Amino acid sequence: MLIVVDPHSGVPVYRQLIDQVKFHISSGLLKPGAELPSTRALSTELGLNPMTISKAYNFLEKDGVVERRPGRPLVVAESNQNGMHDMKLERLRESLALSVTMTRQLEIDRERALELFKEMLNDTDDNGGSQ
């Protein structure tokens, strides 16, 4: 599992961890049942305080994204299709937020922005991209 944190991004490190784990799950890189690194191992790998990792893992568990098993590693929770679909939509919404802000700041007409988005989706489809 590749996790990269930027302590200077303005986003709390524990939040970056949560977002990246959720992205790995929604993109299929982490499958249900996959084990996550231990708190100690991930804190050593990233050079972070173990409490930061623990905080992120606790939020992921509370959200039902991972399951804690006594004496064993955390695993990606078995999720239903609706949960996975919702997680993918959440990732897309977060990604599009910057584009929406930029569209407004550049004062691009809403209809033209939507046309451009549709064109880009169609270009991806025509070039063998996935939906």
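The values are calculated or read from the model by the stated rules, or taken from the named source; none is laboratory data. Computed from a predicted structure; not experimentally measured. Ideal geometry is used to build each Cβ from the backbone, glycine not excepted, and the neighbour counts take in all protein chains shown.
Does residue 42 qualify as being at pLDDT 90 or above, closer than 26 Å to residue 95 by Cα and aliphatic (A, V, I, L, M)? Spell out the reasoning first.
Values: at pLDDT 90 or above: yes; closer than 26 Å to residue 95 by Cα: yes; aliphatic (A, V, I, L, M): yes.
Taking the combined requirement at face value, the residue satisfies it.
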Notebook entry, point to check: Can you find a residue in the stretch 50-71 that is touching a helix residue (DSSP H, G or I) at 6+ places or on another chain (Cβ under 8 Å), modelled with pLDDT of 95 or more, part of a loop (DSSP other than H, G, I, E, B) and not acidic (Asp, Glu)?
Noted result: no
Notebook entry, point to check: Do you know which residues across the stretch 12-56 are buried (at least 19 other Cβ atoms within 10 Å of the Cβ), of a type in the set (Lys, Arg) and without any contact (Cβ under 8 Å) to a residue 60 or more places away in the chain?
Noted result: none
Margin query: So residue 124 ticks every box in (1) more than 21 Å from the chain's Cα centre (by Cα); (2) modelled with pLDDT of 85 or more; (3) not hydrophobic (A, V, I, L, M, F, W, C) but one. Which box is left unticked?
Written below: (2)
Check: Is it fair to say residue 29 is part of a loop (DSSP other than H, G, I, E, B) and on the phi < 0 side of the Ramachandran plot?
Finding: yes
